[in-house]
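Notes follow once the structure below has been shown.
The values are calculated or read from the model by the stated rules, or taken from the named source; none is laboratory data. Please read these numbers as outputs of a predicted model, since none were measured by experiment. Here Cβ is always computed from backbone atoms with ideal geometry, including for glycine, and neighbour counts include all displayed protein chains. Remember, those area values only see protein heavy atoms, side chains included, never the ligands or the DNA or RNA. Shrake-Rupley method; radii C 1.70, N 1.55, O 1.52, S 1.80 Å.
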Amino acid sequence: RAPSMPGKVALLLVVLGFAAAHARATPSRKIYAAGSGLDMLSLPETVAEIMALSGKPNPRVLYLGTATYDKPEPQETQTSSFIQAGCSVSALKVAVAAPSEEEMRSAFATADIVLVSGGNTLFARDRWTKLGIDAMMKDAMANGTVLCGGSAGGIVWFDGGHSDSMEVASYKNPPGPFLNPAMTPEEMSAWAYIRVPGLSVVPGLFCPHYDVTESNRVLRSADFTSLLRRHSGECGIGVDNWGALLIDGDNFTVISREGKPGSVDAHGRFTPNNTLGRPGAWRLEIDPASGELQRSLVPLSGGKVFELMKPARYIVPSNMLGVARAQNPDDGVPPTSDDELRGTAFEGWVKRTANRFGN
């Protein structure tokens with residue numbers, strides 16, 4: 001006997017509810033997006049959290065140092081803690097040339113953890129999409145591989161992020177093809193943050209180092225608000241330098257390193273002076289009616305990802321992407337070596353990258 005009309009309606013509602021829940025649920029999605037690269041990822045507790053997320057006692061780590069142009073120093077500093085914890089580490093080097101597609105697919109197929117370095121987010125993301133690595137990463141995630149990283153290695157998992165990819169010293173061969181090679185330190189520091197696209201594994205915009213002032217002397221939290229006003233169709237999450245967002249399926253938790261500085265004061269309010277607070281994460285959105293910033297503290301206990309980061313109402317790419325790409329081209333030229341940079345105005349970036357990893 002066919003169900004009655006009310007029965008059909010009830011059945012339809014159940015089916016639609018199940019479909020909606022299934023669309024939101026992504027049980028294979030495992031992401032660790034930290035507010036900094038080496039700072040967070042060098043800590044034993046961070047490595048332990050990422051290893052636990054993989055479910056393997058001695059996971060295999062695939063390192064992608066594309067954002068630092070596959071230089072050996074950043075690789076060594078960012079993978080050493082994983083090696084000490086018992087992980088086996090291999091590197092997929094694609095910044096200048098790339099292995100065959102078969103070799104790249106094999107590298108992702110055997111990885112339990114994909115670790116992405118900090119560095120120049122835009123260069124890395126563009127290079128991956130050109131080579132099809134973006135699809136390989138998503139296939140690996142669907143098979144249970146953990147996707148992790150800090151700074152640029154956090155931005156890439158989102159629709160986009162607040163990035164210093166126009167910092168001259170972060171270019172593969174600074175100062176690039178158009179700028180004066182005799183730039184003064186003051187001129188080098190006159191760069192602006194931009195919205196860079198990510199791989200859209202998670203909706204929204206990610207701002208790492210949310211509580212930090214960078215070499216352009218601009219506090220990231222203040223500039224992220226300005227960026228959201230220019231890209232008001234998207235919501236954002238700001239993660240402090242010593243914090244992280246851990247995603248397991250459709251659930252998330254916030255990591256806050258005890259004893260470290262951050263933007264959350266003793267009353268749970270935002271403070272621009274990170275010496276007065278602990279690390280945390282903030283959800284940010286520009287109210288479409290009033291144009292005012294809405295900033296709320298993300299609870300450490302976490303919740304559902306689809307409630308935290310909603311799909312964009314619309315996305316407006318940055319009008320500076322063309323300029324950024326032209327100044328740091330994917331031209332097949334090997335990166336300037338650290339030895340060549342020593343004694344130049346760009347030597348400081350080598351040291352800073354090794355100790356913080358940009359984005």
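Using a 10 Å Cβ count of at most 14 others and DSSP loop calls, identify the longest part of the chain lacking such GluC sites (Glu not before Pro). All intermediate terms of the calculation are to be shown ahead of the outcome.
Numbers: sites that count: Glu258, Glu292.
Answer - 1-257.
With +1 on each Lys and Arg Cβ and -1 on each Asp and Glu Cβ, and nothing else charged, work out how big the dipole of the chain is about its Cα centre, in Debye to the nearest 20.
Working: 34 positive and 37 negative charges, 234 e Å.
Here the chain has a charge dipole of around 1120 debye.
In the chain, helical runs assigned H by DSSP with n ≥ 4 each contribute -39500 (n - 2.57); averaged across all residues and rounded to the nearest 500, the mean residue ellipticity at 222 nm is -9500 deg cm²/dmol.
Which order do Lys138, Lys71, Lys310 take when ranked by solvent-accessible area (1.4 Å probe, heavy atoms of all protein chains), largest first?
Values: Lys138 80, Lys71 20, Lys310 100 Å².
Order by accessible area, largest first: Lys310, Lys138, Lys71.
Which residue fluctuates the most in the chain, going by a Gaussian network model with Cα springs under 10 Å, if the choices are Leu228, Leu147, Leu179? In this elastic network of the chain, the residue with the biggest mean-square fluctuation among Leu228, Leu147, Leu179 is Leu179.
Rounded to the nearest 5, what is the percent of antiparallel bridges among the DSSP beta bridges in the stretch 29-329? Bridges in the stretch 29-329 that DSSP calls antiparallel: roughly 60 percent.
The lysine pair count for the chain, using Cα distances under 16 Å and pairs eight or more places apart or on different chains, is 10. With Cα atoms as the point set, the radius of gyration and Dmax of the stretch 29-329 evaluate to 18.2, 54 Å.
Accessible surface of His162, taken over heavy atoms with a 1.4 Å probe and every protein chain present, rounds to 0 Å². Across the alpha-carbon set of the stretch 172-292, the Rg to Rh ratio works out to 1.02, Rh being the Kirkwood radius. Ranking Met320, Met183 by solvent-accessible area of protein heavy atoms (1.4 Å probe, all protein chains present), from largest to smallest, gives Met320, Met183.
Residues Thr213, Thr336 ordered from highest to lowest accessible area at a 1.4 Å probe: Thr213, Thr336. Of the trypsin sites (Lys or Arg not before Pro) found in the stretch 199-274, the ones in coil according to DSSP and having at most 15 other Cβ atoms within 10 Å of their Cβ are Arg217, Arg269. For the chain, the longest principal axis of the Cα atoms and the long axis of helix 72-84 meet at an angle of about 50 degrees. Normalised per residue, the accessible area of the stretch 29-329 is 37 Å², obtained with a 1.4 Å probe and no contribution from ligands, DNA or RNA. Surface composition of the chain: carbon and sulfur make up 57 percent of the accessible area, probe 1.4 Å.
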